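Chemist: Input: one structure, supplied below.
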Amino acid sequence: MNLKQPEAIVLKRPSQLKKYVTIALVIIILWGSARFANFSLIDIIENFHQAGRLLKQMFGKPAWNYAPKVIPPLLETIQMAIVSSLLGAIVAFPLALLASSNFTENKVINQITRFILNIFRTIPSMVLASLFVAIFGSGNFAGVAALFIFSFGLISKLLYESIEAIDQGQVEAIVSLGGNKLTVLRYGIVPQILPQFISYTLYTFEVNVRAAAVLGYVGAGGIGQFYERAYAFRYFDRVGIIVIITFVTVLIIDFISSQIRKGLV
Amino acid sequence: MMNQEMIVLPKKPRSNSLKKTLFYIITISLFVWSLDSVNYIGVMGTAAATFKAMMKGLITPDWAYLKDLSVDGLPYAVVETVTIAISGTFVSAILAIPIALIASQNIVGAKFSKIGKYIITMIRTFPEIILALIFIGIVGPGAPAGILALGVHSIGMLGKLFSESIESMDAGVKEAVESCGGNKMEVLFRAIIPQVSAEFISYTLFRFETNMRAASTLGVVGAGGFGAPLIFAIIALQWSRTFTIVIVLIVTVTLIDLLSGSIRKKLV
Amino acid sequence: MIKFVNVSKTYANGTQALKNVNLEIFEGEFVAILGLSGAGKSTLLRTVNQIIDVTEGHIYIDNIDVNTFDIYGDNPDQMIEKLTNKGLSIERDKLDLQTIDVTTLKGKQLRKLRKNIGMIFQSFNIIKRMSVLQNVLTGRVAYNPTWRNILGIYKEADKQIAYRALKKVDILEKTFGRASELSGGQMQRVAIARSLAQEAKILLADEPVASLDPVTTFEVMEFLKKINQEDGVTMIANLHHVDLALKYATRIVGIKGGEVVYDIPRHGKSDKQIIKDLELVYGRAIGAKDFVGEH
């Protein structure tokens, strides 16, 4: 008996055009960027033996005797990060409330606040630091001021996104009990966002410790100035020791910070 | 007064408030100790005058610089910064994938993944500026150093996010491919990559936003972009030019944030 | 005690949730409001404490003291006697009892009014990070100055009220425990305790048992009945299940499309007749899913 061949099922494939165009576009952008920036892999690979030499100068024999000199400015750097993060957090809290559409119903205030916060978040802290150095003179104050502004910008944004995501039911409950705006805040909102608030502040602190370490480059205090001097004078072994110590410090801080954050949940 | 029944309360548990109070005390002490570093030397005598001059510069843009399309002009510097960010992010995204894989518990097991995580933390901790300095020492000043600095540093952050993505991925899909006989490469391409690629692209775009900001500052040490002209303008007290650059920076980064944000929303 | 007069509510997006509602609720009743989802039950409930405002109409509550906004119910003399027996001193002459349209109240006056109206929700709305005791104490916020509420420092008298409330719902053993450790039914009991701590005269219950299993459902409903009968709290409850209404309510109100289409005292008709009548309210036959089940 002859089995009748089933008719082949022919499906029409949906157009893949959009996908190919996107991929092509991405490739062009990537390639164009590299060309524009004179980024040539060949050049880099050729120069890589130089890297070995430089790294050996930095880390092969770090200037351990220089280490004690590094500690005080390092502590200063940490202090700068602490002050700016905490002050930033304190200021960020009311700002985030103003920016949240569920706490502040006035849409105009929301948008204006968000706009201002956005501007402060967009300016890199080093640029802010340079401006403040020009105003206040070089030293820690400029650095702290710059990091403070960056901090409240960052924490506010993270915070208001959290505030808008809370369970409104708990807020409704406090309203129905006859609570005023502050009471609603205290019982309906704060308990829901407090762990996140602390977490964001710690994260900002981690970022600030790294940033503070380099702000000195523009004269804004901290250990950055030591980097600059050592590099300029080509004391690479000193650069190496500064990097190592900073590195270890940041690791420790990150560790403590993540432990605290884990304990918050 | 009606006689109330005696209320028998349960035993009060050991107070958690001790831990909380300790936390607050430590925080406040740290804060007070840190204030020591904020040397308010008495704002420079010229501060007020400088501020006024800045404000004036803020409202009078440096049109010449803005329109100068040559290598020395602002548009070129902006484009250079953007390209540094693009290339740097791209490089890091590619390199972050294998690193993320070795840091993921569900790929290489608990022991190896710990090593991978340490490597990632180490890379993340290295300040970008220092990396930029190192790379300048290698390839000379200019954009390529910036790209490498951003690229290497971003591997840390992207590696961490990618590996978190991989670890929280639905194990079922991997099992499905393995159970019908797929080998490790096939599992990678048919199960893992499709699942996490959307998140990867999203994280990469987010990293790109951050790198735009970083690229602006790397120029300070000579790694290309408009960081260098900006610092020079500030040192030379050319407020007009300074704020022109700052405004352009804000506009550019905001536009890129918006663009990147809308693409990321579409991916979800 | 509560009188809805031509109440209508249209939301900003154009949905008309209530159409010309006229309804009078008396002190001490246990009113069950039945109807399909989206019929307007939640909106109706929330207009009583003005969490949702009305587009048209009035809602009157009788015998409210204009100074403190305390509610004295349908029989103020009886209420005053009861309160005096409990130990509160009330100067009859100082009271100025009037009928007030709650839709006209705003700000501080509205908050004072809400002091007397308790509300419990389908999702309990307990603050999980706080202890059970702290949750119940939030029932006292309208009685305390803002600074006490912010700091969470309450007088012993308030705490005693909280303890008594917790005892009433049989959950004293959890007083100092964290609210997040409770089961659904326990959380709802804490919510009820919160309203008791409020010394609310009216309790609005928005689908209080919809998220609970059958056994816990009856447990919670029994507590509601208890406080309705023992403490005289006027109960207005949105319910999903017909048998709960039949078992606990003294009055059944049916809402359909934002209008009151059915209103009958519980014992006005036999169970079977009521179930048949409800077909009009639901627009369909009453089936098994409208019943919690045997217990």
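Chemist: State which residue is modelled with the lowest pLDDT when the search covers only segment A:159-178 and only residues that are buried (at least 20 other Cβ atoms within 10 Å of the Cβ) and within 9 Å of chain C (Cβ to nearest Cβ).
Modeler: Step by step, filter segment A:159-178, then rank; the result is A:GLY178.
Chemist: Which of the numbered conditions does C:GLN122 fail, given that it passes all the others? Conditions: (1) of a type outside the set (Val, Ile, Thr); (2) assigned to a helix (DSSP H, G or I); (3) within 10 Å of chain A (Cβ to nearest Cβ).
Modeler: Only one criterion in (1) of a type outside the set (Val, Ile, Thr); (2) assigned to a helix (DSSP H, G or I); (3) within 10 Å of chain A (Cβ to nearest Cβ) is unmet by C:GLN122, namely (2).
Chemist: Moving on to the next point. Looking only at segment C:110-119, decide whether some residue is more than 9 Å from chain A (Cβ to nearest Cβ) and assigned to a helix (DSSP H, G or I).
Modeler: For segment C:110-119, residues more than 9 Å from chain A (Cβ to nearest Cβ) and assigned to a helix (DSSP H, G or I): absent.
Chemist: Something else about it: Search segment A:206-216 for residues being surrounded by fewer than 24 Cβ atoms within 10 Å (Cβ to Cβ) and not acidic (Asp, Glu), and hand back the single one that is nearest to the other protein chains (Cβ to nearest Cβ).
Modeler: Among them, the one singled out is A:ARG210.
Chemist: Report every pair of residues separated by at least 6 positions or lying on different chains whose Cβ atoms are under 7 Å apart, first residue within segment C:64-89 and within 18 Å of C:ILE2 (Cβ to Cβ), second surrounded by fewer than 14 Cβ atoms within 10 Å (Cβ to Cβ).
Modeler: C:ILE64/C:GLN98; C:ASP65/C:ASP96; C:VAL66/C:ASP96; C:VAL66/C:GLN98
Chemist: Still on this structure, please answer the following. All but one of (1) buried (at least 19 other Cβ atoms within 10 Å of the Cβ); (2) out of contact with any helix residue (DSSP H, G or I) (no Cβ under 6 Å at 6 or more places or on another chain); (3) at the interface with chain A (Cβ under 7 Å from one of its Cβ atoms); (4) more than 25 Å from A:GLN225 (Cβ to Cβ) hold for B:ILE134; state the number of the condition that does not hold.
Modeler: Unmet condition: (4).
Chemist: While we're here: Could we say that C:VAL102 is within 20 Å of C:ASN228 (Cα to Cα), touching a Leu at 6+ places or on another chain (Cβ under 7 Å) and aliphatic (A, V, I, L, M) here?
Modeler: So C:VAL102 fails the test.
Chemist: Report whether or not C:THR99 is more than 8 Å from chain A (Cβ to nearest Cβ), under 20 Å from C:ILE202 (Cβ atoms) and either in contact with a helix residue (DSSP H, G or I) (Cβ under 9 Å, 6 or more places away or on another chain) or in contact (Cβ under 8 Å) with a residue 60 or more places away in the chain (or both).
Modeler: In short, no.
Chemist: Does segment B:11-20 contain at least one residue that is at pLDDT below 75, surrounded by fewer than 17 Cβ atoms within 10 Å (Cβ to Cβ) and among the small types (Gly, Ala, Ser)?
Modeler: Yes, because at least one residue in segment B:11-20 is at pLDDT below 75, surrounded by fewer than 17 Cβ atoms within 10 Å (Cβ to Cβ) and among the small types (Gly, Ala, Ser).
Chemist: Here is a further query. So in segment A:179-197, with the set limited to residues that are within 9 Å of another protein chain (Cβ to nearest Cβ) and in contact (Cβ under 8 Å) with a residue 60 or more places away in the chain, which one is farthest from C:GLN50 (Cα to Cα)?
Modeler: A:PRO195
Chemist: How about segment B:100-127: which of its residues are assigned to a helix (DSSP H, G or I) and within 8 Å of another protein chain (Cβ to nearest Cβ)?
Modeler: Scanning segment B:100-127 gives B:THR121, B:MET122, B:THR125.
Chemist: For the subset of segment C:52-66 comprising residues that are surrounded by 18 or more Cβ atoms within 10 Å (Cβ to Cβ) and of a type outside the set (D, E, K, R), which member is nearest to C:GLY14 (Cα to Cα)?
Modeler: So the residue we want is C:VAL54.
Chemist: Being within 13 Å of A:ASN208 (Cα to Cα) and of a type outside the set (S, T, N, Q) is the filter here, so list the residues in segment A:78-106 that pass it.
Modeler: A:ILE78, A:MET80, A:ALA81, A:ILE82, A:VAL83, A:LEU86, A:LEU87, A:GLY88, A:ALA89 - these are the residues of segment A:78-106 that are within 13 Å of A:ASN208 (Cα to Cα) and of a type outside the set (S, T, N, Q).
Chemist: Right, another one. One residue is enough: does segment C:84-106 have a residue meeting the conditions under 24 Å from A:ILE174 (Cα atoms), of a type in the set (Val, Ile, Thr), at pLDDT 90 or above and loosely packed, with under 13 Cβ neighbours inside 10 Å?
Modeler: Yes, that holds for at least one residue.
Chemist: Among the residues of segment A:235-248, is any without any contact (Cβ under 8 Å) to a residue 12 or more places away in the chain, more than 10 Å from chain B (Cβ to nearest Cβ) and of a type outside the set (Ser, Thr, Tyr)?
Modeler: No, the conditions are met nowhere in segment A:235-248.
Chemist: Next up: Of the residues B:LEU69, B:LEU150, B:LEU161, B:LEU58, which single one is crowded, with 21+ Cβ neighbours inside 10 Å and in contact with a helix residue (DSSP H, G or I) (Cβ under 8 Å, 6 or more places away or on another chain)?
Modeler: After applying the criteria, what remains is B:LEU150.
Chemist: Restricting attention to segment C:170-188, does a residue exist that is closer than 25 Å to C:ASP70 by Cα, under 21 Å from the mean Cα position of the chain (by Cα) and surrounded by 23 or more Cβ atoms within 10 Å (Cβ to Cβ)?
Modeler: No.
For (1) within 18 Å of C:SER42 (Cβ to Cβ); (2) at pLDDT 90 or above, each residue gets a yes or a no:
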residue	(1), (2)
C:THR234	no, yes
C:ALA237	yes, yes
C:HIS240	yes, no
C:ASP243	no, no
C:LYS247	no, yes
C:ARG251	no, yes
C:LYS272	no, no
C:TYR282	yes, no
C:ALA285	no, no
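Chemist: Just the residues that are modelled with pLDDT of 80 or more and either more than 25 Å from the chain's Cα centre (by Cα) or farther than 29 Å from A:ALA134 by Cβ (or both), please, taken from segment A:202-232.
Modeler: Answer for segment A:202-232, where residues must be modelled with pLDDT of 80 or more and either more than 25 Å from the chain's Cα centre (by Cα) or farther than 29 Å from A:ALA134 by Cβ (or both): A:LEU202, A:TYR203.
Chemist: Sticking with this one: Which ones in segment B:55-77 are aliphatic (A, V, I, L, M) and either within 24 Å of A:PHE36 (Cβ to Cβ) or part of a loop (DSSP other than H, G, I, E, B) (or both)?
Modeler: Listed by number, the residues that qualify are B:ALA64, B:LEU66, B:LEU69, B:VAL71, B:LEU74, B:ALA77.
Chemist: How do the helices (runs of 4 or more DSSP H) wholly within segment B:157-268 filter down when requiring 2 or more residues that are among the β-branched types (Val, Ile, Thr) and without any contact (Cβ under 8 Å) to a residue 40 or more places away in the chain: which remain?
Modeler: B:171-179, B:193-218, B:227-235, B:239-267
The values are calculated or read from the model by the stated rules, or taken from the named source; none is laboratory data. None of these values were measured; they are calculated from a predicted model. Methodologically, a virtual Cβ is constructed for each residue, glycine included, from the backbone with ideal geometry; neighbour enumeration extends over all protein chains shown.
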